[in-house]
Structure formats: C-alpha cells, structure tokens
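S.K.: Dropping the structure in here first, questions after.
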Amino acid sequence: MDVDAADVVQSVSTGRVPEAPQVDRILEAAHTRALRHREGRVADYIPVLAAADPEAFGVCVVGVDGVRHDIGDTRMRFSIQSISKAFVYALVVEQLGHERVLEVVGVNNTGLAFNSVIAIELNDGHPMNPMVNAGAIATTALMPGEDADAQWEAVRDGLSRFAGRPLELDDEVYRSESETNLRNRAIARLLQSYGRIDRDPEGVVDVYTRQCALSVDAGDLAVMAATLADGGVNPVTGQRVVSADVCRDTLAVLAANGLYEGSGEWLFEIGLPGKSGVAGGLVTIAPGKVGVGTYAPRLDDAGNSVRGQIATAYLSRALGLNIFASAPFASAPQRESSS
Ligand code: GLN
C-alpha cells in the first residue's frame, strides 16, 4: 500500500520511558518478581542445551538513545536459536523486499508447534510463518549468496551489525544440533518437494543450524532488539542495519508469531512484538522506546522462557510499553494544565 508522504504525520509510537534511575528500579522489581518462578523445563532435544544452568537469569534494557540497564546474568552466553529467525527475516526483507518475502514465506501464524511438519502439508507446502522452523528455513534459503558459505557469512555479518559486535558460532551447539536435526532436514526436503526452496536443502539447513548456534548474551539481545525499536539504526554503534520499513514489517510478523502457539497470549499480556528461542533467550521490542533482552533457560510447553515472559510483562506494564494502551485525549496532562 502506497501512502502519500505528505499525509504521514508520525510513524513511530509515542511517549518516552522514564528517567534512568526509575528504569533501574523497575528493572530490579521485574527481576525479583520473575526470580521466584521455577516452573518450566530446560530444552534437551538438542542434547547440549540440557547442560544450561536452570537458575541463570538476566534482563537487559537498551534505549533508542543507547542507554543500557542490566540486572542479573546479562553477560552469560547462550545460543540465539530461534531468535535469529527475526533478524535473518529482516535482512532478507531488506534484500528482496516486502512483496517477494510475503509471497514465498507468508506472515500468518500456523497455530502449531515450531517444528511442525503437518503445518506445511495443511497449507499445500506454503510455510506460512517465518518464525517457525519451516518458514525460517525457507527464509534462510532466500538469503543472497552464491553458496552456503557465502550465505552464512552474510547472516553472521548481518546479525553482528544488529548486535554491534562480531558474533561467533558456538561450535558445541552447532555440532550437537547438526547431529540430531533430522526433523529440520526433513522439513527442508518437504519444502523443496513443493518448490519452496530452490537451493540444496542440506546446505540451507546447515546455514540455518549455524545461525541458531550463534553465541549471544542478554545484552546482545537487548541491543539487537533496540535496533529494531530504533527504525533499523543500532543505537549503540549508530550504524544503519535495515530500513525503517523493514523494521515495521519485521515487528508485525513478530507480534503475530514471535512466541509460537503462545503468541496470542503473549500479545494479550505484554502487547509488544517479541521472539523467543529454545536456549532460553527472549527479545522484546517497544518501537521508538527500548529493546529488552532476557535469558532464563526454563521454558513453557510452547518453548518460551518462563522467567523471561514474566519479567517482560512487568516491564511492559510498569514502563508503559504496551502498544495497545491509550488514555483519553481529554485527560492528557497538557490539556488539564491549559484548561
Ligand atoms: N535450532 C532450533 C531448531 O531448529 C531452534 C528452535 C527454537 O529456538 N525454537 O529446532
């Protein structure tokens, strides 16, 4: 849809987060609140993930002004896993454009588990949702590059620009997942049979497996999220990573699909685009305001970090981040003072 540029009054959400000391206080309250929760289970279907410390917990908030707030284990490394899907999607939309990615991959929630094969069959081979494995594998296949190695370098370089530092592969996670990812390889073959992947499916799954094994901490996730909150400019490095339009598209996809079958509940409770990964990471984006990165490896049944969701829900409420929240215009402070 084309909109006349003269008609665009404002394209970012309104308001600001409170001053830094208040953000720190709220962050501590969010952490304390979520720390009490011990429900959920650490993922073990990728064998090496089972070794994670279930008590690890860190929350980091980075503003679009680049100011950073940390609490807990925000420097503890883990593999980015499915959170990579959001950022690879943004890079691919940047390269190929809104229409093409919409047509090939789609944007709708399948309502089925992240590794579902039946979702592909039910939709005549259309992966539908770029935030579950089938759609993410189809998205990675679209990444420009003459071969799998070139695609991998483009993925690693792009995600590093989002994070503002060179991200490295966790070899142990990569090997552990490569040895056990028969299901993802089956998904790629099935997509190929429907003509949805036109590269060697083994090479595509290898790039996908590597992108999931990139090593990050909650601070990296917060900077990556803040870049999507800041119209595509990394607020720490000042570098543009993707366009503002690509951010908007990516956030819409995250709002609908970021937490798998839990996406509706997440949007209801938190009211923000987010994306989770099975190693326990979670990113949340408050457009025009902040990015939030959390790490806590115990997951709910859909594969979303339990403590991460609780802490982020608290932050969303306390910092006034929910994009659906409004107050009557007549009650705004400037109206009261002028009356
Ligand atoms: N690499 C994981 C997989 O393909 C990512 C899944 C996830 O984080 N939910 O199964």
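All of the numbers you see were taken from the coordinates with simple rules; none came from a lab. As the structure is a prediction and not an experimental result, all values here were calculated from the model. Cβ: placed from backbone, ideal geometry, glycine included. Neighbour counts: every protein chain shown.
S.K.: Select from Glu177, Glu265, Glu202 the residue whose mean-square fluctuation is largest in a Gaussian network model of the chain (Cα-Cα springs shorter than 10 Å).
M.R.: So, out of Glu177, Glu265, Glu202, the one fluctuating most is Glu265.
S.K.: Between the helical axis of 133-142 and the dominant principal axis of the chain, each derived from Cα atoms, what acute angle in degrees is found, rounded to the nearest 10?
M.R.: Taking Cα atoms only, the helix is inclined about 80 degrees.
S.K.: With a ≥ b ≥ c taken as the square roots of the eigenvalues of the C-alpha gyration tensor of region 196-309, please select rounded if a/c is under 1.5 and otherwise prolate if a/b is larger than b/c or oblate if it is not?
M.R.: Numbers: a/c = 1.40, a/b = 1.06, b/c = 1.33.
Rounded is the answer for region 196-309, as its axis ratio a/c remains below 1.5.
S.K.: Ok, one more. Once you order the gyration tensor axes a ≥ b ≥ c over the Cα atoms, which shape class does region 41-94 get: rounded for a/c under 1.5, otherwise prolate or oblate by comparing a/b with b/c? List each step's numbers first, then the result.
M.R.: Details: a/c = 3.68, a/b = 1.17, b/c = 3.15.
Oblate, because a/c is 1.5 or more while a/b does not exceed b/c.
S.K.: Just to be sure I understand the curve: with the Debye formula and one point per C-alpha of region 121-216, what is log10 I(q)/I(0) at q = 0.11, 0.17, 0.19 Å⁻¹?
M.R.: -0.31, -0.72, -0.89
S.K.: Non-local amide H neighbours of Val42 (under 5 Å, H modeled in plane, Pro and chain starts lacking H): which ones?
M.R.: Long-range HN contacts for Val42: Leu299.
S.K.: When the chain is treated as a GNM, springs tying every alpha-carbon pair under 10 Å, which of Thr284, Thr294, Thr110 comes out with the largest mean-square fluctuation?
M.R.: Thr110
S.K.: Let me ask something additional. Picking from Val48, Thr14, His31, whose Cα lies most toward the positive end of the charge dipole for region 14-62 (charges on Cβ: Lys, Arg +1; Asp, Glu -1)?
M.R.: Thr14
S.K.: Between Glu39 and Ser331, what is the label-point separation in nm under the 7 Å Cα-to-beta-carbon projection?
M.R.: It is 3.2 nm.
S.K.: Full-extension gain between Ala50 and Arg16, please, as 0.36 nm times their residue separation minus the C-alpha to C-alpha distance. Don't jump to the answer; show the numbers that get you there.
M.R.: Numbers: separation 34, 0.36 × 34 = 12.24 nm, distance 3.94 nm.
That pair, Ala50 and Arg16, stretches by 8.3 nm at full extension.
S.K.: In Å and whole numbers, how far do the C-alpha atoms of the chain stretch along each principal axis, longest first?
M.R.: 67, 51, 37
S.K.: Which of rounded, prolate, oblate describes region 77-116, given a ≥ b ≥ c as roots of the alpha-carbon gyration tensor eigenvalues and a/c under 1.5 marking rounded, otherwise prolate only if a/b is larger than b/c? If you can, show how the numbers build up before the last one.
M.R.: Working: a/c = 3.74, a/b = 1.23, b/c = 3.05.
Cα axes put region 77-116 in the oblate bin.
S.K.: Mind pulling up the Rg/Rh value for region 1-153? Radius of gyration and Kirkwood radius, both on Cα. Each step should come with its number before you reach the end.
M.R.: Details: Rg = 20.0 Å, Rh = 19.3 Å.
So for region 1-153, dividing Rg by the Kirkwood Rh gives 1.03.
S.K.: Continuing with this model, one more query. Under a Cβ-only charge scheme (Lys and Arg +1, Asp and Glu -1), can you give me the dipole magnitude of region 120-226 about the Cα centre, in debye to the nearest 20?
M.R.: Details: 10 positive and 19 negative charges, 70 e Å.
Charge dipole of region 120-226: 340 debye, to the nearest 20.
S.K.: How far apart, in nm, are the 7 Å Cα→Cβ label points at Val117 and Asp245?
M.R.: Going from the Val117 label point to the Asp245 one covers 3.9 nm.
S.K.: May I pose another question? Cα centroids of region 158-210 and region 215-245: how far apart, whole angstrom?
M.R.: 22
S.K.: What's the angle, to the nearest 10 degrees (0 to 90), between helix 83-96's Cα axis and the longest principal axis of the chain?
M.R.: That helix lies at roughly 80 degrees to the long axis.
S.K.: Could you tell me how many degrees, from 0 to 90 and to the nearest 10, lie between the Cα long axis of helix 218-229 and the main elongation axis, the longest principal axis, of the Cα atoms of the chain?
M.R.: That helix lies at roughly 80 degrees to the long axis.
S.K.: Using only DSSP helix segments of four residues or longer, with each worth -39500 (n - 2.57), what per-residue ellipticity at 222 nm results for the chain after dividing by its residue count and rounding to 500?
M.R.: Estimated from H runs of four or more residues: -14000 deg cm²/dmol.
S.K.: Another question about this same structure. Of Ala186, Gly291, Val92, which is farthest along the charge dipole of the chain in the positive direction, counting Lys and Arg as +1 and Asp and Glu as -1 at C-beta?
M.R.: Sorting the options by dipole projection puts first Gly291.
S.K.: Identify, among Trp266, His69, Ala136, the residue whose Cα sits farthest towards the positive end of the charge dipole of the chain, taking +1 on the Cβ of Lys and Arg and -1 on the Cβ of Asp and Glu, with the dipole about the Cα centre.
M.R.: His69
S.K.: Highest first, please rank the peptides 76-83, 45-52, 226-233, 101-108 by the mean number of other Cβ atoms sitting within 10 Å of their residues.
M.R.: Details: 76-83: 24.4, 45-52: 16.6, 226-233: 26.0, 101-108: 18.1.
So the peptides 76-83, 45-52, 226-233, 101-108, ranked by packing, come out 226-233, 76-83, 101-108, 45-52.
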